[in-house]
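The next block holds one structure in the form of C-alpha cells; read it before the comments.
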Amino acid sequence: MRDPVEAIRLYVVHPDRNGLHLRQLAEKLAEFKPDADGLITARSRERNVVEAAEPIARYIYLVWGGRSGPETYAPRMYEILLSLQGRMRGMVPHDAWDYALAAMGEDIRLRLKKAGDITIDPDMETALMHRFFDSLAEHQYLHDVAEKIMELHWHRRHALGAITTEELGQSSEAMELRGDPKIEKHLERLAREGLATYIEQANIGWGKIENVFDPVIVLRDRIEIQLNLGGKNAHTWEESAWRLADLIERRFGTTAARRQARAARAGWGAAESGEAYI
C-alpha cells in the first residue's frame, strides 16, 4: 500500500454501511468520461469514481491524519454533510442532500486547486520554528506543549529501550537517561518540527491559506480542548497541553511520519470562503 492516503481512498470507494456517504461524495465529485468507444459504461463510471476518491482521501488525511480510521472520519464527514444539508431549509431532503454533496465536493476541489500555489520548504520551516521558540513570553502556550511532546516521546520511544539510530547516530544506544546534550537536542528538535508541521496542517485545514504559519491555531485548539473538559481553569489548561502533545507526538513523532506529512502537502489547500468544517 502506497501510504495512509491510499488506505483512505480504498475505503471511500468500498465503504461499509456507515461510510456510504463517502462513496456518494466520490460519485458526486466524479466527472464521468466516456471510454475509448465513446460510451459511459459501468466500468468507466467506476474508474471515474476511483479517481474522484483521491482528493477526498487527501482531505480526510489532512484533517484527521493517517492513524484515524473510518470510525473517526466517516461520522465526522457525515456531520459536515448534514450541516450543509441543513442550510437548505424548505428544500426536499433528497435535493438538500444532493446540494450538500455538491457543495462539499466543490470545496474539496478548490482546496486542491489552491494547494498548487503552496510551497513550504525546509528553510521556511526553520524560520517558522525560530520565530515561535525564540520568544518564550509571546508563545508560552507553544512551549509547554513542546515540553510535553519531549516527555511523551522520551517515555514512548526511548526510555523503554526503543532508541533509534536514524536521527541520533550509531552511538545513541548508549544513552539511557535524559540530560545528555545529544538526546535533549534530539527531543527538542522533534518537538519543534512536530509542532511546526501541526501548525501548517491545522491552518490549511481551517482554510487559513494566507497565513499557514500562524501559531494561534494551537491556542485555539487548546481552548477547545478545555471547553470539552468542562471549562477554563488551571487543570484543564494543563490537560489541554498534554492532550495536544499526545496527538502531535503520535502523528509526527518519527522522521518517517514528518517526511510523509511533507509529501502530503501536494493535497493541501483552502476553501474560497475560508470557512472551516472541523
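Got at least one residue in the range 239-248 being over 17 Å from Leu152 (Cβ atoms) and out of contact with any Pro (no Cβ under 6 Å at 6 or more places or on another chain)?
no
Hey, among Met91, Met104, Met77, which residue is in the same structural domain as Ala30 (by TED's automatic domain parsing) and under 16 Å from the mean Cα position of the chain (by Cα)?
The match here is Met77.
Please determine whether any residue of the range 32-49 is closer than 30 Å to Phe252 by Cβ and modelled with pLDDT of 85 or more. If you could, list the steps in order and put the result at the bottom.
Going through the range 32-49, the residues closer than 30 Å to Phe252 by Cβ turn out to be none.
No, that holds for no residue.
Could you check the range 211-267 and list, in sequence order, the residues that are among the polar types (S, T, N, Q) and either under 13 Å from the mean Cα position of the chain (by Cα) or not in a loop (DSSP other than H, G, I, E, B) (or both)?
Step one: of the range 211-267, the residues among the polar types (S, T, N, Q) are 211, 226, 228, 233, 236, 240, 254-255, 260.
Listed by number, the residues that qualify are Asn211, Gln226, Asn228, Thr236, Ser240, Thr255, Gln260.
For residues that are part of a helix (DSSP H, G or I) and either in contact with an Asp or Glu (Cβ under 9 Å, 6 or more places away or on another chain) or modelled with pLDDT under 85 (or both), scanning just the range 61-71, find the one that is surrounded by the most Cβ atoms within 10 Å (Cβ to Cβ).
Tyr61
Is there a residue in the range 90-97 that is modelled with pLDDT under 65 and assigned to a loop (DSSP other than H, G, I, E, B)?
Checked the range 90-97: no residue is modelled with pLDDT under 65 and assigned to a loop (DSSP other than H, G, I, E, B).
The values are calculated or read from the model by the stated rules, or taken from the named source; none is laboratory data. On a predicted model such as this, the values are computed, not experimentally measured, just so you know. Cβ coordinates were reconstructed from backbone atoms using ideal geometry, including for glycine residues, and neighbour counts include every protein chain displayed.
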